[in-house]
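The values are calculated or read from the model by the stated rules, or taken from the named source; none is laboratory data. Please read these numbers as outputs of a predicted model, since none were measured by experiment. So basically every Cβ, Gly included, is an ideal-geometry build from the backbone, and we count neighbours across all protein chains shown.
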């Protein structure tokens, strides 16, 4: 079994890997942080779409969810800043999603990310080095991390 750390070390330098881990934790923390602000059901209808110029962009599938999230915008920002002080989050912005929120894919991404953390950064058994490029979910995670690290 190829460890994720070994795989990433081959592809990227240590600084990139460290920043990628932080960004991965940032993106996967949405459900937890929204739950802590007592609006956990909003996480089924929204997600962190981007992190650019130190601003988190949250997409939601309905304007009503955006309004609910905006009522807690400062609390959400404070929570993110507390959890991720070295990332430098300065704001949160919201936009309506162009399509339905793909919760099944996001949960699969979260499952892979949690598994990587739990197994000491070991890649799941079904995502071995030979299948790395074929696994669309893992490919999307790496592409999203690379985009946000630039």
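Identification of strands (runs of 3 or more DSSP E) wholly contained in the stretch 42-99 with 3 or more residues that are surrounded by fewer than 18 Cβ atoms within 10 Å (Cβ to Cβ) and touching a strand residue (DSSP E or B) at 6+ places or on another chain (Cβ under 8 Å) yields 91-96.
Within the stretch 18-34, being surrounded by fewer than 17 Cβ atoms within 10 Å (Cβ to Cβ) and over 13 Å from the mean Cα position of the chain (by Cα) holds for one residue alone: 18. Restricting 37, 133 to those that are out of contact with any strand residue (DSSP E or B) (no Cβ under 7 Å at 6 or more places or on another chain), at pLDDT 75 or above and either crowded, with 18+ Cβ neighbours inside 10 Å or farther than 21 Å from residue 19 by Cβ (or both) reduces the list to 37.
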